[in-house]
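Trainee: One structure, as structure tokens, below. Some questions next.
What follows draws every value from the coordinates through simple rules; no lab data is involved. Quick caveat, the model's predicted, so the values are computed rather than measured. Don't worry about glycine lacking a Cβ; one is built from the backbone with ideal geometry, like all the others, and counts go over all protein chains shown.
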Amino acid sequence: MENKNIIIIAVVVIVIIAILGVIFATGVLNQNNHQNMKTTPFDNDFMEGSFVGDVELVNKTEKYMQSYEDKEHEITYNISTVDNSSALMEIYEIQGVSNPEHRSYGGNDWNIYFTQAVPGNSSNASDNETMNIIICQCQGKKQGYFIYMITKSSSKINSTNFLDEGFEVYLQPLLKSLTLKESKDIPKVYEEFGMSKEQFDQQLELVHQYKAGNRSALNGAQ
């Protein structure tokens, strides 16, 4: 009888170990931890939703451009709105930001881009560290919306594709939570470049020519 009990206990232990192996391999424990994370609601004149984590508003000097920080996870979120976000993305695309993933959340269609940048404007080497940037752009009938999620390459959170923790755990729940609002007196995209509408339209036409194959078109851009 004692030997039989020992065999039963051994089998139970083996089963428990096997189950734990599956849990760790599939990330179930991590998923549960993430699901239990604190969320931080926010509400402004153009967007309402919830961040995953303890997130603080750090810059609200401009009505339609705000910056938030998750200091624990070293994430910066910049959110903004302009009248024509698609035109701004056309300019970004000729700078190498291209091939977006298309996702829809809550009836909002988002173009999602992954890119990197190096600030290169500080004598402190750590300030010039490569940044991983996810750009989410949505164009409504009257205005467009942007969310930039920025992490340093040294961050524990990887944010370079759709399978990474940065997107799946932090950004995707944010996009799902959003309510996009129509606003009054939103910035014009050409104003962001310090141009008149006519000047900006001329520059955008050169961008269109460049994308159509005329590689010398931008030589005339001012």
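Trainee: Can you compute the charge dipole magnitude of the stretch 42-186 about its Cα centre, using +1 on each Lys and Arg Cβ and -1 on each Asp and Glu Cβ, nothing else charged? Give it in debye, rounded to the nearest 20.
Mentor: Numbers: 11 positive and 22 negative charges, 58 e Å.
Charge dipole, the stretch 42-186, about its Cα centre: 280 debye, nearest 20.
Trainee: Also, I was wondering about something else. Applying 1/(1 + (r/R0)^6) with R0 = 22 Å to the Cβ-Cβ distance of ASN59 and GLU93, what FRET efficiency is obtained, to the nearest 0.05?
Mentor: Calculated value: 0.25.
Trainee: For LYS38, which aspartates and glutamates qualify as cross-link partners when the Cα separation must be under 13 Å and same-chain residues fewer than eight apart are set aside?
Mentor: ASP54, GLU56, ASP70, GLU72
Trainee: Here is a follow-up. Could you name the aspartates and glutamates whose alpha carbon sits less than 15 Å from that of LYS142, not counting residues in the same chain fewer than 8 places away?
Mentor: ASP45, ASP83, ASP109, GLU182, ASP185
Trainee: OK, next. Find, to one decimal place in angstroms, the Kirkwood hydrodynamic radius of the stretch 45-162, where the mean of 1/r is taken over every pair of different Cα atoms and then inverted.
Mentor: About 15.3 Å, per the Kirkwood formula over Cα pairs.
Trainee: Kindly flag which residue pairs out of LYS60/LYS181; LYS71/LYS188; LYS60/LYS188 have an alpha-carbon separation exceeding 28 Å in this structure. Mind showing how you got there, number by number?
Mentor: Values: LYS60/LYS181 18 Å; LYS71/LYS188 32 Å; LYS60/LYS188 19 Å.
Beyond 28 Å between Cα atoms: LYS71/LYS188.
Trainee: If you split all Cα-Cα distances of the stretch 149-222 into 5 Å bins from zero, what percentages do you get per bin, shortest first?
Mentor: For the stretch 149-222, the binned pair fractions read 3, 13, 13, 10, 9, 11, 21, 17, 4, 0 percent.
Trainee: Can you list residues whose amide H is under 5 Å from GLY144's amide H, if they're 5+ apart or on another chain and H is modeled 1.01 Å from N?
Mentor: Under 5 Å from the amide H of GLY144: VAL82, ASP83, ASN84, SER85.
Trainee: What FRET efficiency would be calculated for the residue pair HIS102, MET195, taking the C-beta separation as r and a Förster radius of 45 Å, to the nearest 0.05?
Mentor: 0.95
Trainee: Dividing the convex hull volume of the Cα atoms of the stretch 92-222 by its residue count, what figure in Å³ per residue is obtained?
Mentor: Spread over its residues, the Cα hull of the stretch 92-222 gives 157 Å³ apiece.
Trainee: Would you mind getting me the FRET efficiency between SER86 and GLN116? Use the beta-carbon distance for r and R0 = 22 Å, nearest 0.05. Present the calculation step by step, with values, prior to reporting the outcome.
Mentor: Details: r = 23 Å, r/R0 = 1.03.
About 0.45, to the nearest 0.05.
Trainee: Amide H to amide H, which residues 5 or more places from HIS73 or on other chains are under 5 Å from it, using H placed in the peptide plane?
Mentor: Here the answer is none, since no amide H 5 or more places off falls under 5 Å of that of HIS73.
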